[in-house]
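The values are calculated or read from the model by the stated rules, or taken from the named source; none is laboratory data. Note that the coordinates shown come from a computational prediction; the quantities given were computed from them, not determined experimentally. Because the Cβ atoms are built from the backbone with ideal geometry, glycine has one as well, and the counts that use them run over all protein chains shown. These area figures cover heavy atoms from the full protein model, side chains too; ligands, DNA and RNA do not enter into them. Shrake-Rupley method; radii C 1.70, N 1.55, O 1.52, S 1.80 Å.
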Amino acid sequence: MKHTNSGEQFGIPLAEVTEDVEKSACESLKRLWEKIQLEHDVDAMEYIGLAYIYGNSGLPASFEKGIGFLHLAAKGGCTTAQHYMADCYAYGIGVEQDADAACEYYRLAIQDTDVDMRQTAQSQLERLKQE
């Protein structure tokens, strides 16, 4: 399967997100949403992405929105989001399984400052290369 970086599959319905954040009544979530809109903050994108995936912080569970935010955070340079996206592509979680895309994201995640995260990304990359 060929990986595309178009991002079209990760369209995030912004009006729905705004509504979800307002309904959450969570002030910290509202601040994070503002940081995303004003500063394109990748750490805030990662947080909201995971909150959607797990249905945390007052947000409804939504793999589609969660993966969308993780994708944006990963493309913006957030290494932990890159690792999450690599895992999603490696195992077909929320996206079609794509070993090439997984390898691309694991290579990026290897740049993480956390030693454990770097080692995990490296071992996952090596595992994929052997398959």
Original post:
If you find the alpha carbon centre of the stretch 66-103 and of the stretch 18-32, how far apart are they in angstrom?
Top reply: 24 Å
Subject >> Most to least packed among 60-70, 13-23 [average Cβ atoms within 10 Å] >> reply: 60-70, 13-23
**OP:** Please calculate how many Å² of accessible area the chain carries per residue, with a 1.4 Å probe and no DNA, RNA or ligand atoms counted.
**Re:** 55 Å²
Subject >> Apportionment of accessible area to carbon and sulfur, the chain, percent (1.4 Å) >> reply: 49 percent
Subject >> Quotient of Cα Rg and 2.2 N^0.38 Å for the stretch 19-95, N being how many residues it contains >> reply: 1.03
Subject >> Degrees, to the nearest 10: 14-24 long Cα axis against longest axis of the chain >> reply: 70 degrees
Original post:
Relative to the first principal axis of the alpha-carbon coordinates of the chain, what is the inclination of helix 27-39, with its axis defined by its Cα atoms, in degrees from 0 to 90 and to the nearest 10?
Top reply: 70 degrees
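Between Ile93 and Ala15, what length in nm is gained on full extension when 0.36 nm per residue of separation is reduced by their alpha carbon distance?
Length gained, Ile93 through Ala15: 25.6 nm.
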